[in-house]
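Chemist: I'd like to ask some things about the structure below.
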Amino acid sequence: MRERTIFTLVVLSLVLLTVGFLVATRVDLSGLMPEQAATSSVLVDRLFNYLMGLAVVIFLLVEGALVYAVIRFRRRKGDESEGPAIHGNNTLEIIWTLIPAIIVVVISIYSYQILTQIEKPVNSPLVVRVVGQQFIWTFEYPESGVTSSSLHLPVDRPVQFQIEAKDVIHSFWVPEFRLKRDATPGQIDELTITPTQLGRYPIRCAELCGAGHAAMVGEVVVETEQQFTAWLAAGGRDPIGSASEADDSVAFDSTPDGRTVFVEFGCGACHLLSDGGGAGIVGPALDGIGDLAEERVGGETAGEYLRQSITAPNSYIVEGFAEGVMPSTYTELMTPEQIDALVEYLLTQ
Ligand code: CUA
């Protein structure tokens, strides 16, 4: 009887370990994940696969024991007797304390190895300052003095993000790069990433930061070194006639459409505007602003008032709203044509 039990346990352990090993090394979980667009993505996914293998073994073991016990020790018909009084089993308790402890230590060592590889120092990275504020991301390239609301990166070159926040805590996250870091007011946190795949990926804010949190999204464009240099040379705007003009970056079109500017710059995160899909409550509502704008400031036409509200938002604050909440960087972020288009569009609302 004893030999049979030991034999069963050995066979079971071997089966479980084989299943776990196969999951960790052979099963392709990449379908569950966003694209692997950086060196860090591959490393993080490797750790994820390994944890998945471990989790499968533990799941099968625990659930298997549970199902076995439920069937094997179920109450038989007519059995009204008490169950046996058991006062624990020291050997069992030592085993099921030791095994998880060993697993946790192994996971720590492996995670540490992965982290060391991700944080390996790099030579002369491209420095990009990332500024989070309610509810937009802005990116500054100190070497070239460019400021932009979209993040452009050259492929295969390490980039060091210096992340900060102007108001509350945000979190800079590109799922395709697998890494994220909090943006905290009053301090600069660094994150180094090497993008490896050309493409456009979403930037998310991963820390609840207010009513517009869900709308605090941006875009990272990973491009060739030449495209990146051309973009920088054009002051952080897609040069007219370049290959990227043909794609869907309407915000940088030579004749921008005001509604598109409103949508692409995320104005709806803070402002209610039915036509532009905005539902924000942080700033004044913009439905009917075309008529209201005329009456706000004496001596200013509706157009002048709207332009001033975008480029110098603190010069007049609508009653009931706070000063200094709206970013005053739109003159840098938008082209003059985009501001014109936005003013024209708002006048019709
Ligand atoms: Cu910024 Cu959430």
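Every number here is computed from the coordinates shown, using simple stated rules; none is lab data. Predicted model only: the values in this text are computed from it and were never measured. Here the Cβ is made from the backbone with ideal geometry for all residues, glycine too, and neighbour counts use every protein chain on show.
Chemist: Take the residues of region 255-305 that are assigned to a helix (DSSP H, G or I) and aromatic (Phe, Trp, Tyr): which is nearest to ALA211 (Cα to Cα)?
Modeler: Looking at the filtered set, the residue picked out is PHE262.
Chemist: Can you tell me which residue within region 135-148, out of those that are more than 16 Å from the chain's Cα centre (by Cα) and polar (S, T, N, Q), is farthest from the ligand (Cβ to nearest atom)?
Modeler: By that ranking, first place goes to SER144.
Chemist: Tell me whether region 161-173 contains one or more residues that are under 19 Å from the mean Cα position of the chain (by Cα), within 18 Å of MET33 (Cα to Cα), within 14 Å of the ligand (Cβ to nearest atom) and surrounded by 15 or more Cβ atoms within 10 Å (Cβ to Cβ).
Modeler: For region 161-173, residues under 19 Å from the mean Cα position of the chain (by Cα), within 18 Å of MET33 (Cα to Cα), within 14 Å of the ligand (Cβ to nearest atom) and surrounded by 15 or more Cβ atoms within 10 Å (Cβ to Cβ): present.
Chemist: Take the conditions at positive phi and touching a residue at least 12 places away in the same chain (Cβ under 8 Å) and apply them to GLY218. Does it pass?
Modeler: no
Chemist: Here is a further query. Among the residues of region 183-211, write down those that are farther than 21 Å from GLY266 by Cα, under 15 Å from the mean Cα position of the chain (by Cα) and within 15 Å of the ligand (Cβ to nearest atom).
Modeler: none
Chemist: Can you name the residue in region 212-235 that is part of a strand (DSSP E or B) and in contact with a His (Cβ under 9 Å, 6 or more places away or on another chain) and is also farthest from the ligand (Cβ to nearest atom) among such residues?
Modeler: Taking the candidates together, the pick is GLU223.
Chemist: Of a type outside the set (Asp, Glu) and either closer than 28 Å to GLY186 by Cβ or within 16 Å of the ligand (Cβ to nearest atom) (or both): does that describe VAL106?
Modeler: no
Chemist: Just to verify a result, which residue in region 110-134, among those that are under 21 Å from PRO154 (Cβ atoms) and within 16 Å of the ligand (Cβ to nearest atom), is surrounded by the fewest Cβ atoms within 10 Å (Cβ to Cβ)?
Modeler: Restricting to residues being under 21 Å from PRO154 (Cβ atoms) and within 16 Å of the ligand (Cβ to nearest atom), the top hit is VAL131.
Chemist: Can you name every residue in region 310-331 that is of a type in the set (S, T, N, Q) and under 16 Å from VAL297 (Cβ atoms)?
Modeler: Correct list: THR311, ASN314, SER315.
Chemist: For region 17-53, give me each residue that is more than 30 Å from LEU153 (Cβ to Cβ) and buried (at least 17 other Cβ atoms within 10 Å of the Cβ).
Modeler: GLY20, VAL23, ALA24, GLY53
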